[in-house]
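Visitor: Questions regarding the structure given below will be posed in turn.
The values are calculated or read from the model by the stated rules, or taken from the named source; none is laboratory data. This structure is a prediction, so every number in the text was calculated from the model and none was measured. FYI the Cβ positions are ideal-geometry reconstructions off the backbone, even for glycines, and counts take in every protein chain you see.
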Amino acid sequence: MSSADVDLGAHDLPVDDLLNIHRTMLTIRLAEQRFMRGLSRGEFPGFYFPVQGMEAAAVGVIAALRPDDYYITTYRGIADILAKGSSLEAVFGELLGRVTGMSRGKGGTMHMADPDRGMMLTTGIVGSGTPIANGLGLSAQLLGNDRVTGVSFGDGATSIGALHEALNLASLWDLPVIFVCHNNLWGECTPLEGYTKTARLAERAAPFGIPGLTVDGTNVLEVYDAAAQAAERARRGDGPTFLEVVAPRILGHYFGDTGSYMDEAAVEQARVNDPVPKLGDWLVSQGHLGPDELDTLTGQIADEVEDALATALNSDMLPADELRTDVFAPGVDTPR
Amino acid sequence: MSSADVDLGAHDLPVDDLLNIHRTMLTIRLAEQRFMRGLSRGEFPGFYFPVQGMEAAAVGVIAALRPDDYYITTYRGIADILAKGSSLEAVFGELLGRVTGMSRGKGGTMHMADPDRGMMLTTGIVGSGTPIANGLGLSAQLLGNDRVTGVSFGDGATSIGALHEALNLASLWDLPVIFVCHNNLWGECTPLEGYTKTARLAERAAPFGIPGLTVDGTNVLEVYDAAAQAAERARRGDGPTFLEVVAPRILGHYFGDTGSYMDEAAVEQARVNDPVPKLGDWLVSQGHLGPDELDTLTGQIADEVEDALATALNSDMLPADELRTDVFAPGVDTPR
Amino acid sequence: MASIQPTETDREMTFGEAINDALDVALGNDPTVFLLGEDIADPPGGVVRLTHGLSTKYGTHRVRATPISEQAIAGAAIGAALGGLRPVAEIMLMDFMTLVMDQLVNHAAKHRYMSGGTSHLPLTVRTRIGHRRGAQHSSSYEAWFMHVPGIKVCAPTTAADAKGLLLSCIADDDPCLFLEPTPMVRSRRRSPVPEGDYRVPIGQAAVARDGSDVSIITYGQMTPAALEAAATLADEAISAEVVDLRSLVPLDHRTVLNSVAKTHRAVVTHAAARFAGPGAEISAMIHEELFGELERPVHRVAAAFTPVPFAQSLEQVHAPDASTIAETVREVMK
Amino acid sequence: MASIQPTETDREMTFGEAINDALDVALGNDPTVFLLGEDIADPPGGVVRLTHGLSTKYGTHRVRATPISEQAIAGAAIGAALGGLRPVAEIMLMDFMTLVMDQLVNHAAKHRYMSGGTSHLPLTVRTRIGHRRGAQHSSSYEAWFMHVPGIKVCAPTTAADAKGLLLSCIADDDPCLFLEPTPMVRSRRRSPVPEGDYRVPIGQAAVARDGSDVSIITYGQMTPAALEAAATLADEAISAEVVDLRSLVPLDHRTVLNSVAKTHRAVVTHAAARFAGPGAEISAMIHEELFGELERPVHRVAAAFTPVPFAQSLEQVHAPDASTIAETVREVMK
Ligand SMILES: Cc1ncc(C[n+]2csc(CCOP(=O)(O)OP(=O)(O)O)c2C)c(N)n1
Ligand SMILES: Cc1ncc(C[n+]2csc(CCOP(=O)(O)OP(=O)(O)O)c2C)c(N)n1
Ligand SMILES: [Mg+2]
Ligand SMILES: [Mg+2]
């Protein structure tokens, strides 16, 4: 099977926007592949949580937001982070613990923050970003600006109590928050049906009076539309939306996890639905992109990725005397 | 208005059971009134969370359980505890911190446990009993007995994350647990509509595939029927039920809280629906109890209450050398 | 942000009124300050009325009653701080802080560091300790937070310090935990509190009573007991200096060490358990820094290693009081 | 429950295999034992395969994979213990223990006391520490739990102790926290572990190396570093005794004090932060109990007061290692 005969449906997004979305998705894909190749080859040490298969789920949502909107993501956040506008250098730098990383290497893989781009926080704790998103939403409400906050979390995070507290509060206060559930059907090695009887995770929002949408996360246009609708609702002051984006996991939980416990046929099906070629092929089929252009673009991005990685690898790690800075504001007498 | 013209509907419970239910409710009422009178008069120091108005909500559920079923309650637990079979002496003793208390006075008002009667734990932390109830349910499941576990919590506890984690797990594992939400329409000084947009709290159970029932908590027979149905389901191995028992609060949050922030008309209405006279009057109207018998019973129970309180007041508090016992099993070398 | 001494413009306030006043000043001066917590809006204006009147004055958008959702409260405070506000969250009691450890420890305290200093969280969490309502409503876990890099901890005793430290916490660019001892909150005693935006710097201890024979190091609810003990001891010709730490992080080592270097004897006392409690750090630090200068080992007078008992007979002997402190001081003076 | 010395029937195991073996023995011997935690069933049998094979052998009713719901896991363990079982719950990492503080501290630890001894909770919580995966996956908060009356804390270093202490925890009638350091769990080194129901008593330290000049007090992941330091120092004619605490609560004061009474010098080291860390209690205790008998103040070698940094350049200097320990010992020997 091939994804060439895919039909993403009609869409009235300007072609430039479609191309930008595609470029971002392709960048995420190539950056990830390059980084994992480096890890397998032992070019550098590190650990990594792959996003392959969820590029559309991430980019589709964030494309529907404004640059000054806020976002919170998880350890599996590279797609969100690049979509939100962080540079490849800043991402690679952080993954590698270098001073050129967006947090100068102190946060690392699971803790990327790029406040200038609205990427406010990355959590390594399942579900914990959701109550924090409410606070960002509240800040917009109290400051009287119309920024929207998106927060992504995995399907497994729906088992976490904090999410439900967050949903209730967001509903009560009509907070401009989009709860983006990246449902890849797995929490580590446990499949969705192994940890809940909830058939459709977006149902969890219903008792709180929050609209719960479920979309095909391999179709970036469908994701975009749902997110645009949620963002509009939030910006209007009508409150939160729960957006479940289903994008089956293709790789293991972390780099190095072979996913041997996953059903092969399902993984194969997920590969067929791989959102990145799906969008690329569709753009070609629609005449928005020539087949050669796609190749050229791929080459171009691969070069950018290579350059950014080289920049990161060529930059230093913080010197030991930076160990004790940034615990408190500068000048505070920090315990030894 | 009077509650005399109340209609509790037909019911096929044996009259003796009905009379026992009534006796328990009346005992709770009189015990509470006596204890609060003692507090107001300065007979003894202490603090207390009244249950007036929720006697039917508590007794109706527990009457539908077996004596060897498990229960977990909250600081507002005296109705549950007496219904589950603890003696007035053990309850007063604990409220007063005496050695005759069920926990020898170490636990006190908010921490009554009477394991011999299946009253396993009282929590002072809103919502925290619910995950623990799952464990009791699990123990029955793994030990292959058919004990059911009930856990009561307030309406305010529905805002707590732990409850939602507990619901998901109970659903997943088909645990024999009844989640009894004592909805008195208030969490401390905040009314229900002040903290959630959920119209009917039992809806919270739906996404987990748990049946959610809502009953009039001032009608003990309606409560009983719903609880009996939930208990049967649990005992059959079909899993948990969420049982919302609506019993509007009549008094303040704690003894001493005048409830000045509560709407007077609503309180008045709650008084009219007071479940204790409602059941008494109904029993009289059905001919199950003569009007004189009701008076005699009231006098009898009042005497029992008085005696039990006297016993408690006449008993000692633990001597200071018991301060450091019971931290660990006897004999463990406890830090100073 | 130097410490301002009480002036003519002082007003007599209870500890609770001083907290209310601090919040009032902060809300009045800085539009980015807002409060959130359970039952904090009018009525009732807080279960012990510490926020009374504030929602009426500043609106329920700035003094926000929340559902009973401690994790949501803490998370909202963090997010709001990220969004440019200065949230002041109330967690009713220290025992309920157990519910926000992930938000506070994993997220709030670590954020500045994890972001390499590119982002920070100016937020304050107020909570009450020493409530005396049984094992789940009375605990003192401040030692936990001392051990968490990235969060400051204040534990005032006087009304003026309560106001001055709370205003400093709110203005601070780091997460601050502000402890309010129930005995102080319940006290009807009034003492002078400076008007306006009065600040007490975080991390400065106060010598609450001068002395030369022995140093009693304490904070929060135990300071009055330490002062009472010192007064008793004065009658026995023992001159006890009382150091009120006021902040636990940063801890004012200098004031502690200066005092003990002078007296050569120290007693540390608190209402938290002794084992692995705040006094462990203080005792270790004194011994390590003033090795060879002490006449006697540091003594710790602290709560028994038990949950807080309910029975009054046990509750009374669970934590130290003026007489157990005085007794220990006499021991140390031998 | 006396400590059984390794015998002929020992088997060579890694630390991880010893834990798996302990769980296997407990499940095999006692039908009331069961395990619960995220991803603990086959496949994969635990994210680091510590429970590998157990659900296949004993069934998924006794080796239960849970949703990602730490509060529900801890609560279920408490309830199951109340119902007569001996649950062994896994919380994947110490950092996630922040989510179960209410259940563990307010409920599990206090239950025996609050019930006046009429009820108790035989439950074990296993968790990993020292994972080295950035600020939210690497923390060492064992000091918090030392300060919580009612919960025992074990921190083994060797495979044999891991097995013996875990079996003791499971058989214990009180809540026990069992710490598994990632460096040990990852280690492929095998050492002899007794077969069967081997128990190491909770609350007994081990003298991991005899010495006469100085005592290095440590536990868990730092013990190997302490031993390495001692070996290095031996070449410099410094005879360092290494005390591996093994349990933090109860803490084996006697073994510590005996050692230091002999050497008159002590260095305490751990991977937790120094300030208000476990070493604070140990240092304070040694100074207080052996006042006047020390040649030098106790030195604490511990992690910097910072969240755990990600960059290797910082991570490497964040916590102590053999060389920083040795350096401090040299200082103390001056
Ligand atoms: C509270 C908490 N518990 C456990 C973990 C360990 N853990 C890391 S990722 C993960 C699975 C999360 O699954 P999901 O939310 O579906 O996200 P995904 O990894 O699939 O993107 C788990 C259990 C954690 N980080 N936080
Ligand atoms: C986690 C937690 N937060 C706050 C409190 C303080 N508190 C005690 S009772 C109560 C209100 C609870 O309301 P609800 O659950 O409806 O029970 P009710 O008191 O009405 O029976 C609150 C907020 C607590 N005990 N636990
Ligand atoms: Mg997932
Ligand atoms: Mg209520």
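Visitor: Quick check on B:Asp238: is it crowded, with 17+ Cβ neighbours inside 10 Å and more than 16 Å from ligand 1 (Cβ to nearest atom)?
Guide: Values: crowded, with 17+ Cβ neighbours inside 10 Å: no; more than 16 Å from ligand 1 (Cβ to nearest atom): yes.
So B:Asp238 fails the test.
Visitor: Looking at region B:207-230, which of its residues are in contact with a strand residue (DSSP E or B) (Cβ under 8 Å, 6 or more places away or on another chain) and either among the aliphatic types (A, V, I, L, M) or within 16 Å of ligand 1 (Cβ to nearest atom) (or both)?
Guide: Residues satisfying the conditions are B:Ile210, B:Leu213, B:Val215, B:Val223, B:Ala226, B:Ala227, B:Ala230.
Visitor: When the residues of region A:106-136 are narrowed to those that are small (Gly, Ala, Ser) and at the interface with chain C (Cβ under 7 Å from one of its Cβ atoms), which ends up surrounded by the fewest Cβ atoms within 10 Å (Cβ to Cβ)?
Guide: A:Ala113
Visitor: Kindly evaluate A:Tyr75 against the criterion of being free of Cβ contacts under 8 Å to residues at least 60 places away in the same chain and within 14 Å of chain D (Cβ to nearest Cβ).
Guide: Against the criterion (free of Cβ contacts under 8 Å to residues at least 60 places away in the same chain and within 14 Å of chain D (Cβ to nearest Cβ)), A:Tyr75 qualifies.
Visitor: Please pick out the residue among C:Ala41, C:Ala80 that is at pLDDT 95 or above, more than 10 Å from chain A (Cβ to nearest Cβ) and farther than 18 Å from C:Phe178 by Cα.
Guide: Working: C:Ala80 fails: more than 10 Å from chain A (Cβ to nearest Cβ).
After ruling out the rest, the residue left standing is C:Ala41.
Visitor: Do you know which residues across region C:21-67 are in a helix (DSSP H, G or I) and more than 19 Å from C:Asp197 (Cα to Cα)?
Guide: Result: C:Ser55, C:Thr56.
Visitor: Another question, then. Kindly indicate whether A:Pro14 is under 17 Å from A:Gly150 (Cβ atoms), surrounded by fewer than 24 Cβ atoms within 10 Å (Cβ to Cβ) and not aromatic (Phe, Trp, Tyr).
Guide: no
Visitor: Six or more apart or on different chains, Cβ under 8 Å: which pairs go from a residue in region A:149-165 that's closer than 12 Å to B:Ala166 by Cα and in contact (Cβ under 8 Å) with a residue 12 or more places away in the chain to one that's small (Gly, Ala, Ser) and within 9 Å of ligand 3 (Cβ to nearest atom)? Could you list them?
Guide: What qualifies is A:Ser159/A:Gly187.
Visitor: Suppose we keep only residues that are assigned to a loop (DSSP other than H, G, I, E, B) and among the hydrophobic types (A, V, I, L, M, F, W, C) within region C:103-149. Which one would you say is surrounded by the most Cβ atoms within 10 Å (Cβ to Cβ)?
Guide: C:Leu123
Visitor: Condition first: under 23 Å from C:Glu90 (Cβ atoms) and either over 17 Å from the mean Cα position of the chain (by Cα) or aromatic (Phe, Trp, Tyr) (or both). Now tell me which residues in region C:8-20 satisfy that.
Guide: C:Met13, C:Phe15
Visitor: Let me ask another. Are there any pairs with C-beta distances below 6 angstrom linking a residue in region A:187-198 that is more than 7 Å from chain D (Cβ to nearest Cβ) and touching a residue at least 60 places away in the same chain (Cβ under 8 Å) to a residue that is within 9 Å of ligand 3 (Cβ to nearest atom) and in a loop (DSSP other than H, G, I, E, B), with the two at least 6 apart or on different chains, and if so which?
Guide: none
Visitor: Restricting to region D:33-66, name every residue that is crowded, with 23+ Cβ neighbours inside 10 Å and on the phi > 0 side of the Ramachandran plot.
Guide: Answer for region D:33-66, where residues must be crowded, with 23+ Cβ neighbours inside 10 Å and on the phi > 0 side of the Ramachandran plot: D:Gly37, D:Asp39, D:Gly46.
Visitor: Hey, among B:Ser139, B:Ser152, B:Ser171, which residue is within 18 Å of B:Glu244 (Cβ to Cβ) and either within 16 Å of ligand 3 (Cβ to nearest atom) or buried (at least 24 other Cβ atoms within 10 Å of the Cβ) (or both)?
Guide: B:Ser152
Visitor: Would you check which residues across region B:141-164 are at the interface with chain D (Cβ under 7 Å from one of its Cβ atoms) and in contact with a Pro (Cβ under 6 Å, 6 or more places away or on another chain) and list them?
Guide: B:Ala162
Visitor: Going residue by residue through region C:89-99, is there one that turns out to be modelled with pLDDT of 95 or more, under 20 Å from the mean Cα position of the chain (by Cα) and within 16 Å of ligand 1 (Cβ to nearest atom)?
Guide: Yes, region C:89-99 contains at least one residue that is modelled with pLDDT of 95 or more, under 20 Å from the mean Cα position of the chain (by Cα) and within 16 Å of ligand 1 (Cβ to nearest atom).
Visitor: Can you name the condition, by its number, that B:Pro277 falls short on among (1) part of a loop (DSSP other than H, G, I, E, B); (2) surrounded by 19 or more Cβ atoms within 10 Å (Cβ to Cβ)?
Guide: Unmet for B:Pro277, out of (1) part of a loop (DSSP other than H, G, I, E, B); (2) surrounded by 19 or more Cβ atoms within 10 Å (Cβ to Cβ): (1).
Visitor: If you check C:Val243 against the conditions, is it in contact (Cβ under 8 Å) with a residue 60 or more places away in the chain, of a type in the set (Val, Ile, Thr) and either crowded, with 24+ Cβ neighbours inside 10 Å or more than 8 Å from every other protein chain (Cβ to nearest Cβ) (or both)? First the steps, then the outcome.
Guide: Details: in contact (Cβ under 8 Å) with a residue 60 or more places away in the chain: no; of a type in the set (Val, Ile, Thr): yes; either crowded, with 24+ Cβ neighbours inside 10 Å or more than 8 Å from every other protein chain (Cβ to nearest Cβ) (or both): yes.
In short, no.
Visitor: With the requirement that a residue be acidic (Asp, Glu) and either away from chain D (no Cβ under 13 Å) or within 16 Å of ligand 4 (Cβ to nearest atom) (or both), what does region A:78-105 give you?
Guide: A:Asp80, A:Glu89
Visitor: Just to be sure before I move on: is B:Ala226 within 15 Å of ligand 2 (Cβ to nearest atom), within 17 Å of the chain's Cα centre (by Cα) and of a type in the set (Gly, Ala, Ser) in the structure I sent?
Guide: Working: within 15 Å of ligand 2 (Cβ to nearest atom): no; within 17 Å of the chain's Cα centre (by Cα): yes; of a type in the set (Gly, Ala, Ser): yes.
No: the conditions fail for B:Ala226.
Visitor: Out of B:Arg249, B:Arg233, B:Arg200, B:Arg204, which single residue is more than 16 Å from ligand 1 (Cβ to nearest atom), more than 18 Å from B:Asp274 (Cα to Cα) and buried (at least 24 other Cβ atoms within 10 Å of the Cβ)?
Guide: B:Arg204
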